[in-house]
């Protein structure tokens, strides 16, 4: 696909046409979000996770709020920081304390679960400079297991019961990756092989650029130590 160069009037007309499509997409997304809210829920069996206070029931992860969003971070037990998952690291890089504060304002707690030992996952969180609560599910059983890649799950708590309301993975995780949403606004996009884009640029396999010089890209904001 070759890029066109047109007059400002022609550009304005083309932009207006695309804007109408963007509005349709927004309305369709709103309708999908409404359907997501109407999705039936399923009760959770009693289960515990390991945190700073030891094994605690899932209810404590809510921190007194009604709703909980959990990202299940794939974990390579015993591996050094640079060997941990670049996709999961990418998804968490934008989950700042400010984002958690905005979620809390809507009665939602954000947390991360991993199957690794608590001391390992907390060391990684601290290395990355993150502040979100992170719990180990090493002894939590199948109900909280990370299944074939990182995933995002939502829960609702009533007086005496926890329900799972939603779950997504793969492309669904992109809701946590604003870098991808911003790249989608640019002429070259994500520069990945699946995209329709210019013939003059080099394209990479999807997600392959999330790791650079042996580390997940976000780690280079925390260290300049080469990977040996």
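Some notes on this structure:
- Considering residues of the range 133-151 that are part of a loop (DSSP other than H, G, I, E, B) and touching a helix residue (DSSP H, G or I) at 6+ places or on another chain (Cβ under 6 Å) only, the residue nearest to residue 72 (Cα to Cα): 150
- Note on the range 207-223: among residues that are at pLDDT 80 or above and part of a loop (DSSP other than H, G, I, E, B), the one that is nearest to residue 82 (Cα to Cα) is 214.
- Residue in the range 110-127 that is part of a helix (DSSP H, G or I), touching a helix residue (DSSP H, G or I) at 6+ places or on another chain (Cβ under 7 Å) and either free of Cβ contacts under 8 Å to residues at least 60 places away in the same chain or crowded, with 22+ Cβ neighbours inside 10 Å (or both) present: yes
- Residue 60, sole failed condition from (1) within 30 Å of residue 208 (Cβ to Cβ); (2) free of Cβ contacts under 8 Å to residues at least 60 places away in the same chain; (3) surrounded by 13 or more Cβ atoms within 10 Å (Cβ to Cβ): (1)
- Of everything listed in (1) touching a residue at least 40 places away in the same chain (Cβ under 8 Å); (2) not in a loop (DSSP other than H, G, I, E, B), the single unmet condition for residue 180 is (1).
- Residue in the range 193-202 that is touching a strand residue (DSSP E or B) at 6+ places or on another chain (Cβ under 8 Å), farther than 21 Å from residue 83 by Cα and either exposed (fewer than 10 other Cβ atoms within 10 Å of the Cβ) or at pLDDT below 80 (or both) present: yes
- Failed item in (1) surrounded by 10 or more Cβ atoms within 10 Å (Cβ to Cβ); (2) touching a strand residue (DSSP E or B) at 6+ places or on another chain (Cβ under 9 Å); (3) within 20 Å of residue 169 (Cα to Cα), with residue 76 passing the rest: (2)
- Residues being out of contact with any strand residue (DSSP E or B) (no Cβ under 9 Å at 6 or more places or on another chain), surrounded by 11 or more Cβ atoms within 10 Å (Cβ to Cβ) and without any contact (Cβ under 8 Å) to a residue 12 or more places away in the chain are represented in the range 168-177 by at least one member.
- The range 1-16 residues that are surrounded by 10 or more Cβ atoms within 10 Å (Cβ to Cβ), paired with ones that are at pLDDT 90 or above (beta carbon under 6 Å, 6 or more apart): none
- Flag for residue 185 being out of contact with any strand residue (DSSP E or B) (no Cβ under 6 Å at 6 or more places or on another chain), loosely packed, with under 11 Cβ neighbours inside 10 Å and closer than 27 Å to residue 15 by Cβ: yes
So that you can scan it fast, the table gives a plain yes or no per residue for (1) touching a helix residue (DSSP H, G or I) at 6+ places or on another chain (Cβ under 6 Å); (2) modelled with pLDDT of 90 or more:
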| residue | (1), (2) |
| --- | --- |
| 2 | no, no |
| 24 | no, yes |
| 47 | yes, yes |
| 63 | no, yes |
| 67 | no, yes |
| 80 | no, yes |
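- Residue 111 under 27 Å from residue 81 (Cα atoms), more than 19 Å from the chain's Cα centre (by Cα) and at pLDDT 90 or above: no
- Residue check for residue 103: without any contact (Cβ under 8 Å) to a residue 60 or more places away in the chain, under 17 Å from the mean Cα position of the chain (by Cα) and over 26 Å from residue 45 (Cα atoms): no
The values are calculated or read from the model by the stated rules, or taken from the named source; none is laboratory data. Bear in mind the structure is a predicted one, so any value in this text is a computation, not a measurement. In this analysis, Cβ positions are derived from the backbone assuming ideal geometry, glycine residues included, and neighbour counts consider all displayed protein chains.
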